[in-house]
Amino acid sequence: MSTTSILAMHIPDGFMDPATAVATGVVAIVVVAVALRVAKDRLDDRQVPLVGVTAAFVFAVQMINFPVGLGTTGHLIGGALAAILLGPWTATLVLAVVLLVQALGFGDGGITALGANITLMGVFAGFVGGYLYRALAHALPRSRGGYLTAVGIASWVSVVGASALCSLFITFGGIFGASEAVPVFATMIGLHALIGIGEAVITVAAVSAVLATRPDLIEDHDLLPEQADRGAAVAA
Amino acid sequence: MSRTTGFVVGGLVVALLIGGILSSFAASDPDGLESAVIATQCEGAADSDACLSEAAGDPVYNAAPLADYRLTPLSGVLGVLACFAIGGGLVLLLKRTSGAAPGGTRPEPRTRQRVE
């Protein structure tokens, strides 16, 4: 078995043009720099330990590839989960830590593609997942079911959206070229529509566990189901 | 043990169990990105794995100490601990050096604040 097909592969060095690698690297550096600032100024002290736990959990669950049919597997991205728990900025930091450890320690994801991987799984999944979750949680009934529906949909969209952006990087901005764009986009989005279901299931399960134990640690208490919100208020 | 310490220890234990034990049961088929490349770029290739490896190119950085051990329990445990230490340590360091009063710069808990 070749090393590339053993496990989850983030974007390797060879898939993108240097220009795309540099551009996504700049995006990642800028967002991570701002995220460090935001964490320093705004992160609640009680959330500090949650950052390490979330990074550890995302790393662990990213190791678990689950079959989605068609001879394909998927694994958690975790950007939406981290954004729901900690907000999109800190989610970017969490994913940057995970992706850095994977790239430097485990050879997963090319070092020149680290910026693109952070841009996709941290910045994109974190901000799209995080803001969609907020919008949906506001719009849906403030019940446990409504809240977790918002969590699930936001997670699914974060994965499918990230797969589309990844397709853009590797076709128009990479070695597969514009001529391959249609099949690459179609296959990536189609497969990640399935993988996104796994992302939604895992994210809903993880958020449910935090909701049941320490709802006060979750960002944006006003979005929580009413009962959990009261619990959070008491705990705070 | 404070409630937060309990939560952190519990969360870390869950992550260690997943990364150290459950990871052995991970499926090994190509993931979404690999499958998409195989289905498009490597369509009709005699050896799709070889075609995929060629497309991925040689790693620019190839000194990853655990590159060949991704699926062992030890590598899962080490990765989980590294992420916990770096993620938690980074934020702790940031908060410590912020010069803000203990408890952060927020004037009050956000519980009752409406964001947006």
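The values are calculated or read from the model by the stated rules, or taken from the named source; none is laboratory data. What you see is a predicted model, and the numbers here were worked out from it, not measured in a lab. All Cβ positions, glycine included, derive from the backbone under ideal geometry; neighbour counts span all protein chains shown.
Results, tabulated for the structure shown:
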item	result
Residue within region B:27-35 that is among the aliphatic types (A, V, I, L, M) and either over 26 Å from the mean Cα position of the chain (by Cα) or surrounded by fewer than 21 Cβ atoms within 10 Å (Cβ to Cβ) (or both) present	yes
Subset of region B:42-55 (residues that are within 24 Å of the chain's Cα centre (by Cα) and closer than 17 Å to residue A:72 by Cβ)	B:52
Residue, nearest to residue B:13 (Cα to Cα), within region A:70-100, restricted to residues that are buried (at least 24 other Cβ atoms within 10 Å of the Cβ) and more than 14 Å from the chain's Cα centre (by Cα)	A:73
Filtered residue count, region A:36-71, keeping only those that are farther than 13 Å from residue A:94 by Cβ, polar (S, T, N, Q) and either at pLDDT 95 or above or touching a Lys or Arg at 6+ places or on another chain (Cβ under 9 Å) (or both)	0
Every pair of residues 6+ apart whose Cβ atoms lie under 6 Å, when the first sits in region A:187-215 and is on the phi < 0 side of the Ramachandran plot and facing another protein chain (nearest Cβ under 8 Å) while the second is outside any helix (DSSP H, G or I) and among the hydroxyl-bearing types (Ser, Thr, Tyr)	A:191/A:72
Subset tally (residues that are modelled with pLDDT of 95 or more and at the interface with another protein chain (Cβ under 7 Å from one of its Cβ atoms)) for region B:62-84	5
Selected residue (criterion: surrounded by the most Cβ atoms within 10 Å (Cβ to Cβ)) from residues of region A:36-69 that are hydrophobic (A, V, I, L, M, F, W, C) and more than 7 Å from chain B (Cβ to nearest Cβ)	A:50
Matching residues in region A:164-193 - criterion: being among the aromatic types (Phe, Trp, Tyr) and at pLDDT 95 or above	A:169, A:172, A:185
